[in-house]
Amino acid sequence: MGGGFRGGGSFSGAWNPIFVPPLPAVLLSLPYDVAAPAPAVGREECFWTGATGARVAGSGKKLLHFVVMASGEPDDPMVREAQGADARLTSEGRERCRQLQQLTDSLRPDLFVISPLTRSAQTALLSFGPQMKATGAHIIALEEVRETVNHPCDARRNCTELVAEFPTIDFSGCAEQDPVWPNYERRFIGSSADPFQPRESADVIALAARARRALGWLAARPEKEVVIVSHRDFLWNTINVGQPDGKFPDKAPVYDFGDDDVRRWMCSAFADCEVRSVIADFDPPPKPGVGGGRIAPTGGFGI
């Protein structure tokens, strides 16, 4: 385990709203010979930006590919509410996955970490199926990287159903029943005249806590190159928390960035089926106010 995560205890894999390891922010940067890309602002095509050809060496460093799952729900909240639990990808989302597979065909990661929601599992298998077959990499569903729980489509099915549909994915670290949705159902449903009031998205402390637990778990893994298939709202909220021009700047950050350009890029809005690749340094732990990355002042890798 990286030195930045000492004292965190063991990770059970089950969502725990109380236990929060005392983790520092994780330093993220691009390798100094790779340019910081311009942020992807549209939703019309897939993107892969950042350290697209990087390799990592040294204790505590990992190459992380953050993947935003494909479109699984319409923008209209009333339609989202009517979809029911654990929504599936739309036909447009499945097409985006096929595009992403071609774009990232050269990737050979050691590990895939995915949200246990159905649309995330579909995104991972449709977008990276050949890469998974080529490497035999383990595919693990991790409760901590699932979407913010705001609508019934963000609740998940029981693990028995998920394992039956996705037998190549390891759900052994997830509880049989959804441990996250009932907590927010009790807290928010019926508590407001507005049935679409943000639920977990408004609870930045809880989101940051489970993001830190995910990073602590990841730091303990031996793999050096990891694909993380998660969701737009979860990634945006946890990346932005504690950032000077982001959401809740007075809170403790989950991530520290080695360069302002990298920070602005990572804190920008995500597109559907977008991949952002960065170097994460888990050991030694970053010190507040100390930058660790350098970037070249040239163009980006938007495709």
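All of the numbers you see were taken from the coordinates with simple rules; none came from a lab. Everything numeric here is computed off the predicted structure, so don't read it as measured data. With ideal geometry, Cβ positions are generated from the backbone for all residues, glycine too; neighbour counts draw on all protein chains shown.
Some observations on this one:
- Straight-distance candidates among the lysines for linking to Lys133, with alpha-carbon spacing under 29 Å and chain neighbours fewer than 8 residues away dropped: Lys61, Lys62, Lys224.
- What the Cβ-Cβ distance of Asn158 and Lys247 gives, at R0 = 25 Å and to the nearest 0.05, is a FRET efficiency of 0.15.
- Once the Cα-Cα distance is subtracted from the 0.36 nm per residue extended length, the Ser172 to Ala57 segment shows a gain of 38.4 nm.
- Shape summary: region 100-146 maps onto an equivalent ellipsoid whose semi-axes, from the alpha-carbon gyration tensor, are 18, 12, 8 Å in decreasing order.
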